[in-house]
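Participant: Got a structure here, written out as structure tokens. Questions coming.
The values are calculated or read from the model by the stated rules, or taken from the named source; none is laboratory data. Remember, predicted model here, so these are calculated numbers, not experimental data. Here Cβ is always computed from backbone atoms with ideal geometry, including for glycine, and neighbour counts include all displayed protein chains. Please note that ligands, DNA and RNA were not included when accessible areas were found on the heavy atoms of the full protein model with its side chains. Shrake-Rupley method; radii C 1.70, N 1.55, O 1.52, S 1.80 Å.
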Amino acid sequence: MALLEVEDLTVNFYTQDGTVNAVDNLTYSIERGEKFGVVGESGAGKSVTALSLMRLIDSPGHIESGEIRFKGQDILSMSEDEVRSIRGNEIAMIFQDAQTALNPVYSVGEQIAEAMRHHLDYSKSEAKEETIDLLAKVGIPEARKRYSDYPHEFSGGMQQRAIIAMALSCDPDLLICDEPTTALDVTIEAKILEEIESLAEEFDTAIQLITHDLGVIAEICDRVMVMYGGKPVEKAPVEELFYDPKHPYTVGLMSSIPRIGDSTDRLQTIPGKMPDLVELPPGCSFHPRCPYAEEACTLSEPELLDTKTGKPASEVGTNHSAACLAYSGDLTGELDYSVTVNEDSKSNAPASQITGDNQ
Amino acid sequence: MSLRRFIVKRLLAIIPILFGVSIITFGLVHLTPGDPVQQILALNPRAGPTEKQQLREQFGLAAPIWEQYLNWMKGVFTGDFGEVYRSRRAVSEVIYSRLPETLLLGLFGWVFGLVIAIPTGIYAAVHKDQLGDTVSRFVALSGISIPNFWLGLMLILIGSLTLGWWPVTAPKRAPLLSFDMLWYLILPGLTIGTAAASSIMRVMRTSMAEEMNKEYVTAARAKGLPERTVVLKHVLRNSLISVVTLAATLTASIVAGSVIIEQVFAWPGLGQTFIQAIRNAEYNLIMAITLFTGVFIILANLVADILYAALDPRIRYD
């Protein structure tokens, strides 16, 4: 049994402009201790997915259907008390912007200790000692002195470390990291990522890492899911995704990464923008931006298919699937691109270069 | 330490403000037509110019106006606010005798306002756009829009005439802390409290609803805290800052704002005295009440500033 199994999750937001289908029939699972990445542009439904796992979708959002099984138990059918005993305790979250995720009027230490006192029934002084240990562990110097500091007395990097300490305080089995380093500058980003990785190792915690940054995925994750318009478009082990991307959108994302030594003047981009989630285009939501789109793509919506056999991923066990008609044989043309792997001994991140008429 | 310095600094700043207030009031009072001498002697047709001059000198009104001001100022520095022309009672004595009535009335209204407004505001913010919120907002808007003297008259009409639970005017010659007076206090207290409650409730709701959308609220929920803790611990303290500002300005109405209400209910407080003083051109009394109100408002704001720092650690005075 996987640690987390999400099945057919659908989340809608009822806005004045219409119903936004933020997450559509999403299915994925995370094993114990696994590091699972979720990539996509803004508005792809990544954060909504994350909040759904804790049932923290607030009005006007609503979880329409699906199942979220955590250790075999369906979170969506639990009572409010049962969900609360999981939040912060077994599933914890690292927020994108630590500055806004910390309450400005309570001390950092108190906010970290709070969850432990609530879930683990620690006394005030036990929780305090534990918090000081945690603060030291996430790399905050003079943790004892810093315990009673307020959020505004912490630097951005330290605030993010405090948020990490808060998330780890009850030793969760699943850590959801929602763009944990987006608000930080690049030098601190690398340190924080390392920190998250080694702490997850130490606490034996599974991670669902949400990001739009493929570099971050490459650094940390075992498996990746690429999302577009509220749906998964490709799922693959991280190496395969980088060396052998199967979905045109993934290919577009990869070629948008600027590379050192590139001689082109302009940064490659995927033309167009994310579709309006109120009115998704018919057929494959990516077809208006896809260089390989054909008429068939406007007619039928592809499901996730095993990229080798072309069979629906839900029926055969596969670790690499993509939602593209190219794999069901409904396209007349080929996905015409090639990946050149640039073995750079200095960098341990896979560096692949994609060429083709994807512009 | 720094807080003490802040308080001392603010207290020192009162002096120039009061100077300004006193000059403006003094000027305005003397600009208004009709002086006390004329008013007093109007009742006595036989009084001639000599009597007039005599009285003027006796009241200190014969000198040029700047000299009068300096004389008055000299008195203030020695704690002497002059006397009431007609009764020859010391002004300070008159104020002391009326102050408890006004303070009690204002305090009742103010506390009533807070006690009603804060829980209602929290409820409305948590149940934003639901029935309870809509109803409470409608009531609050009415509370602000209804002129308070009219509300006072209606309360008298219903409470005194229809129900007969209260006398029509404040009981005369009853000590302030007697049952009769305290019972009667409810009517003017409710009148003042309604307006206060309405505006505090609206601010409470707005600022709380705004805070509820912040990410730290989601973060607190993600920690697994019960909604009660999230709202009453995390959100409330952040939303109280704007409420404190408003509550502080409203304390000013304890002294200044109850003028009309005291008149409507014949409540024997400072407000009534103030209106009489203006009518009778009792310069000294007007000056003293104005100064006292000024000091009160400044002190209330000072307390609000100190409370900010207690509520929000980002605010520090040094």
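Participant: Any residue in the range B:25-40 that is under 25 Å from the mean Cα position of the chain (by Cα), open to solvent by less than 80 Å² (accessible area, probe 1.4 Å) and either charged (D, E, K, R) or assigned by TED's automatic domain parsing to the domain that holds B:Gln272 (or both)?
Facilitator: No, the range B:25-40 has no match at all.
Participant: Right, something else. Name the single residue that is farthest from B:Ser92 (Cα to Cα) among those in the range B:291-318 being more than 14 Å from chain A (Cβ to nearest Cβ) and among the charged types (D, E, K, R).
Facilitator: This residue is B:Asp318.
Participant: Does B:Tyr216 satisfy being within 25 Å of A:Thr100 (Cα to Cα), open to solvent by 60 Å² or more (accessible area, probe 1.4 Å), at pLDDT 90 or above and of a type outside the set (Gly, Ala, Ser)?
Facilitator: In short, no.
Participant: Would you check if there is a residue in the range B:196-207 being buried (at least 19 other Cβ atoms within 10 Å of the Cβ) and within 14 Å of chain A (Cβ to nearest Cβ)?
Facilitator: For the range B:196-207, residues buried (at least 19 other Cβ atoms within 10 Å of the Cβ) and within 14 Å of chain A (Cβ to nearest Cβ): present.
Participant: I've got another one for you. When you go through B:Gly189, B:Gly152, B:Gly224 one by one, which is the residue that is within 14 Å of another protein chain (Cβ to nearest Cβ) and open to solvent by less than 10 Å² (accessible area, probe 1.4 Å)?
Facilitator: Checking each option against the conditions leaves just B:Gly224.
Participant: Open to solvent by 10 Å² or more (accessible area, probe 1.4 Å) and modelled with pLDDT of 85 or more: which single residue out of B:Ile261, B:Ile275 fits that description?
Facilitator: B:Ile275
Participant: Please count how many residues of the range A:48-84 are in contact with a helix residue (DSSP H, G or I) (Cβ under 9 Å, 6 or more places away or on another chain), outside any helix (DSSP H, G or I) and open to solvent by less than 40 Å² (accessible area, probe 1.4 Å).
Facilitator: The total comes to 9.
Participant: Condition first: among the small types (Gly, Ala, Ser) and within 23 Å of B:Pro171 (Cα to Cα). Now tell me which residues in the range B:95-137 satisfy that.
Facilitator: B:Ser97, B:Gly106, B:Gly109
Participant: When the range A:292-329 is examined, which residues are found to be in contact with a Gly (Cβ under 8 Å, 6 or more places away or on another chain), open to solvent by 30 Å² or more (accessible area, probe 1.4 Å), closer than 24 Å to A:Pro275 by Cβ and part of a loop (DSSP other than H, G, I, E, B)?
Facilitator: Of everything in the range A:292-329, those that are in contact with a Gly (Cβ under 8 Å, 6 or more places away or on another chain), open to solvent by 30 Å² or more (accessible area, probe 1.4 Å), closer than 24 Å to A:Pro275 by Cβ and part of a loop (DSSP other than H, G, I, E, B) turn out to be A:Glu294, A:Ser300, A:Glu301, A:Ser328.
Participant: Every residue in the range B:158-186 that is in a helix (DSSP H, G or I) and open to solvent by 80 Å² or more (accessible area, probe 1.4 Å), please.
Facilitator: Selection gives B:Ile158, B:Leu161, B:Thr162, B:Phe179, B:Asp180, B:Trp183.
Participant: Only one of these conditions is not met by A:Leu175: (1) closer than 20 Å to A:Pro104 by Cα; (2) within 12 Å of another protein chain (Cβ to nearest Cβ); (3) crowded, with 23+ Cβ neighbours inside 10 Å. Which number is it?
Facilitator: (1)
Participant: Also, quick follow-up: Quick check on my filter: what residues within the range B:212-224 are in a helix (DSSP H, G or I) and free of Cβ contacts under 8 Å to residues at least 60 places away in the same chain?
Facilitator: B:Glu215, B:Tyr216, B:Val217, B:Thr218, B:Ala219, B:Ala220, B:Arg221, B:Ala222
Participant: Mind telling me which of the residues A:Asp81, A:Asp58 ends up being in the same structural domain as A:Asn21 (by TED's automatic domain parsing) and under 19 Å from B:Ala219 (Cβ atoms)?
Facilitator: Exactly one residue qualifies, and that residue is A:Asp58.
Table: residues versus (1) without any contact (Cβ under 8 Å) to a residue 40 or more places away in the chain; (2) surrounded by fewer than 20 Cβ atoms within 10 Å (Cβ to Cβ); (3) not in a helix (DSSP H, G or I).
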position: B:Ser239; (1), (2), (3): no, no, no
position: B:Val243; (1), (2), (3): no, no, no
position: B:Leu246; (1), (2), (3): no, yes, no
position: B:Thr249; (1), (2), (3): no, yes, no
position: B:Leu285; (1), (2), (3): no, no, no
position: B:Leu291; (1), (2), (3): no, yes, no
position: B:Ile298; (1), (2), (3): no, yes, no
position: B:Leu302; (1), (2), (3): no, yes, no
position: B:Ile315; (1), (2), (3): yes, yes, yes
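Participant: For the range A:241-277, enumerate the residues that are part of a helix (DSSP H, G or I) and open to solvent by 60 Å² or more (accessible area, probe 1.4 Å).
Facilitator: A:Tyr243
Participant: Only one of A:Met166, A:Met93 is touching a strand residue (DSSP E or B) at 6+ places or on another chain (Cβ under 7 Å), at the interface with chain B (Cβ under 9 Å from one of its Cβ atoms) and either modelled with pLDDT under 95 or open to solvent by less than 10 Å² (accessible area, probe 1.4 Å) (or both). Can you tell me which?
Facilitator: It is A:Met93.
Participant: Would you be able to say whether some residue in the range B:76-93 is open to solvent by less than 40 Å² (accessible area, probe 1.4 Å) and among the acidic types (Asp, Glu)?
Facilitator: no
Participant: Got a sec? Which of A:Ile207, A:Ile196, A:Ile192 is among the hydrophobic types (A, V, I, L, M, F, W, C), outside the structural domain of A:Glu301 (by TED's automatic domain parsing), open to solvent by less than 10 Å² (accessible area, probe 1.4 Å) and without any contact (Cβ under 8 Å) to a residue 60 or more places away in the chain?
Facilitator: A:Ile192
Participant: Looking at the range A:40-90, which of its residues are hydrophobic (A, V, I, L, M, F, W, C) and more than 9 Å from chain B (Cβ to nearest Cβ)?
Facilitator: If the condition is that a residue be hydrophobic (A, V, I, L, M, F, W, C) and more than 9 Å from chain B (Cβ to nearest Cβ), then A:Ala44, A:Val48, A:Ala50, A:Leu53, A:Ile57, A:Ile63, A:Ile68, A:Phe70, A:Ile75, A:Leu76, A:Met78 are the ones that fit.
Participant: Please specify each residue of the range A:175-225 satisfying the condition of being more than 22 Å from A:Leu241 (Cα to Cα), touching a strand residue (DSSP E or B) at 6+ places or on another chain (Cβ under 6 Å) and not β-branched (Val, Ile, Thr).
Facilitator: A:Leu175, A:Ala200
Participant: Of everything in the range A:96-113 that's open to solvent by less than 20 Å² (accessible area, probe 1.4 Å) and facing chain B (nearest Cβ under 10 Å), which residue is farthest from A:Val216 (Cα to Cα)?
Facilitator: A:Val105
Participant: Now a separate question. Name every residue in the range A:32-47 that is open to solvent by 60 Å² or more (accessible area, probe 1.4 Å) and either of a type outside the set (Gly, Ala, Ser) or outside any loop (DSSP other than H, G, I, E, B) (or both), in order of residue number.
Facilitator: The answer is A:Arg32, and nothing else.
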